[in-house]
Ligand code: SF4
Ligand code: SF4
Ligand code: SF4
Ligand code: SF4
Ligand code: SF4
């Protein structure tokens, strides 16, 4: 029985292309994958494109300009399942650091002709503009999770990916907790599992690239980090780094910074 | 000739015992110092066991130092070996026939584990063993246990209160106690234990050694205590269901489930089916825990949507429901959930406060 191939599209917005690259990095699986999947729009892989509708669309990048806002709305209309992929698409990305500054100041600091740059006030996660069906987190997105997601769509089930705290995976893996054994600040208790606990495996704390876990309590972690001697400003910075613009982290950051924007 | 009873010998006899296990083909799993933490891992040489090191434990804190006399357990419990964190249960081939994994477990010796961890195995025997988990039983029947009694309990240990230590009562093949640098007391607990001890150069303990031995263990048992008693504890805790203590403590909790993961008896799991590109699939079992949000999630909602309710459930399962379910406490007093909680939350304090709350309202 030959099933119709799944039509997959990959669109890039404000991003570094690292997440898309994770698709091309599936070197061992890519050939088998293309038996079941047709990449109909994926500029990083091929300039040949086909129009929608698409079965699954992966969105990489945050929404940072008025054009992007418009494009992502059109893409949404063409997509049966829309997946926000990576820290930029799910939380605004590193570039969302500018959201705490004045746009004009940022433009002037970066571009010789700031008046040419048309940007939105904030670098926004896709879900702030259109409905997102699934999120695949990470900076970059995890190749294993991406593949697992595609496989699950292919068999026709509702994709299931655990969204609990990274600590669970970290400990399953047999890592020693760096907070407890080394006093290193770690965001793992409030960050979604999925990366395989890469950072703690190498003896450093998680810096939060997967964003808040389901039911995360960053406020409790922030108090603990202060209790073990971190300054408010440093705690705020830690939360800000990769997924600071996610709703949950943003709240804590704003409290730590005294609501200053 | 060794039979039941108590024997003593020099420290070197421990090395002989270790080597005897290896010679008989056992995979030996023992405490091992790795990156400044005492792990529980496969050890191929007796010298890897961290005699001469000690750990320092406190709520949310762990370190080691050289020159100490006694080590306690680190973060890894026997659960990690007997009930692996991620276990492939079976594979579905593309033609939908089922393939079970082949026998994967070599005969295994746990060497120098602590009495609380030994007790955790007997709890697992009731739970995983009781329901007939074939994956657990396959490993369990090939297990031999050499336990090291604790002369110096750590600051987060409360096995004495839980009745699980610092001296191992039963369920071991051999129990030994290091009384001083060159004096070790041995007790066999099974036929195999007797057989192994017969190969050592040990003799029945003299009265003087026995006195030393009992004194040391008595001293130790005065230490590993929690600020509560077990008598009536399940009932009192259930009377404390509405105590504000759970909410207060949960304010500091992250819900990270780290405690569930390190706890030697927490048995909850999630089953995940992972489809393969060839049309087959793999079913895996991974550790889960009641602190996680999705754990109690069902279609249409969550029975314990608030973290305080999940925190309360964990305490009550360990100290009340478990007793009714399995006839034993679900806690062996190892203190791992205290040491390894990144928030530094102390279970003993929670229980003490709930009991105080109940009593202050005349509830007991
Ligand atoms: S190292 Fe970080 S992620 Fe791992 S258990 Fe500790 S706090 Fe959690
Ligand atoms: S540990 Fe944290 S920062 Fe590191 S890869 Fe994982 S989610 Fe990202
Ligand atoms: S009690 Fe500690 S280890 Fe357990 S979930 Fe809360 S913060 Fe995590
Ligand atoms: S509840 Fe805590 S002290 Fe009790 S057995 Fe589990 S980890 Fe050890
Ligand atoms: S305390 Fe929680 S995780 Fe542990 S066995 Fe009970 S329900 Fe499961």
**Within the stretch A:1-41, considering residues that are at pLDDT 95 or above and in a loop (DSSP other than H, G, I, E, B), the one nearest to residue A:74 (Cα to Cα)** = A:13
**Message:** Tell me yes or no: at least one residue of the stretch A:221-238 is at the interface with chain B (Cβ under 8 Å from one of its Cβ atoms), crowded, with 19+ Cβ neighbours inside 10 Å and under 30 Å from residue B:274 (Cα atoms).
**Reply:** no
**Request:** Just name the residue that is nearest to ligand 3 (Cβ to nearest atom) out of those in the stretch A:166-184 that are assigned to a loop (DSSP other than H, G, I, E, B) and at the interface with chain B (Cβ under 10 Å from one of its Cβ atoms).
**Result:** A:177
**Request:** Any chance you could count how many residues in the stretch A:17-48 are within 25 Å of residue A:63 (Cβ to Cβ) and without any contact (Cβ under 8 Å) to a residue 12 or more places away in the chain?
**Result:** 2
**Request:** Please find, within the stretch B:1-48, the residue that is surrounded by the fewest Cβ atoms within 10 Å (Cβ to Cβ) out of those that are modelled with pLDDT under 95 and under 29 Å from residue B:212 (Cα atoms).
**Result:** B:1
**Fill in**
Of the residues in the stretch A:191-205, those that are crowded, with 16+ Cβ neighbours inside 10 Å, in a helix (DSSP H, G or I) and either within 12 Å of another protein chain (Cβ to nearest Cβ) or at pLDDT below 95 (or both) come to A:200
**Request:** Look at residue B:187 and say whether it is over 30 Å from residue B:112 (Cα atoms), at pLDDT 95 or above and either surrounded by 14 or more Cβ atoms within 10 Å (Cβ to Cβ) or not assigned by TED's automatic domain parsing to the domain that holds residue B:100 (or both).
**Result:** no
**Message:** Among the residues that make up the stretch B:305-312, is at least one of them within 14 Å of another protein chain (Cβ to nearest Cβ), outside any helix (DSSP H, G or I) and over 28 Å from residue A:184 (Cβ atoms)?
**Reply:** yes
**Prompt:** Are any residues in the stretch B:319-337 more than 9 Å from ligand 3 (Cβ to nearest atom) and within 14 Å of chain A (Cβ to nearest Cβ), and if so, which ones?
**Reply:** B:335, B:336
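Quick check on the stretch B:232-258: of everything there that is in a helix (DSSP H, G or I) and closer than 26 Å to residue A:219 by Cβ, which residue is nearest to the other protein chains (Cβ to nearest Cβ)?
Residue satisfying both the conditions and the ranking: B:258.
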**Request:** Could you look through the stretch B:198-235, keep only residues that are over 25 Å from the mean Cα position of the chain (by Cα) and surrounded by 17 or more Cβ atoms within 10 Å (Cβ to Cβ), and pick out the one that is nearest to residue B:69 (Cα to Cα)?
**Result:** B:212
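Every residue, every condition in (1) more than 16 Å from ligand 5 (Cβ to nearest atom); (2) within 15 Å of residue B:254 (Cα to Cα); (3) not in a helix (DSSP H, G or I), yes or no:
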position: A:207; (1), (2), (3): yes, no, yes
position: A:220; (1), (2), (3): yes, yes, no
position: A:225; (1), (2), (3): yes, yes, no
position: A:229; (1), (2), (3): yes, no, yes
position: A:234; (1), (2), (3): yes, no, no
position: A:238; (1), (2), (3): yes, no, no
position: A:244; (1), (2), (3): yes, no, yes
position: A:255; (1), (2), (3): yes, no, no
**Prompt:** Which of (1) out of contact with any strand residue (DSSP E or B) (no Cβ under 7 Å at 6 or more places or on another chain); (2) surrounded by fewer than 22 Cβ atoms within 10 Å (Cβ to Cβ); (3) at pLDDT 95 or above is the odd one out, the single condition residue B:151 does not satisfy?
**Reply:** (1)
**Complete:** For strands (runs of 3 or more DSSP E) lying entirely in the stretch B:6-114, having 2 or more residues that are within 14 Å of chain A (Cβ to nearest Cβ) picks out B:27-34, B:37-42, B:53-58, B:61-66, B:86-92
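The values are calculated or read from the model by the stated rules, or taken from the named source; none is laboratory data. Given the structure is predicted, the values throughout are model-derived calculations rather than measurements. Every residue, glycine as well, gets a Cβ built from its backbone with ideal geometry; the counts of neighbours run over all protein chains shown.
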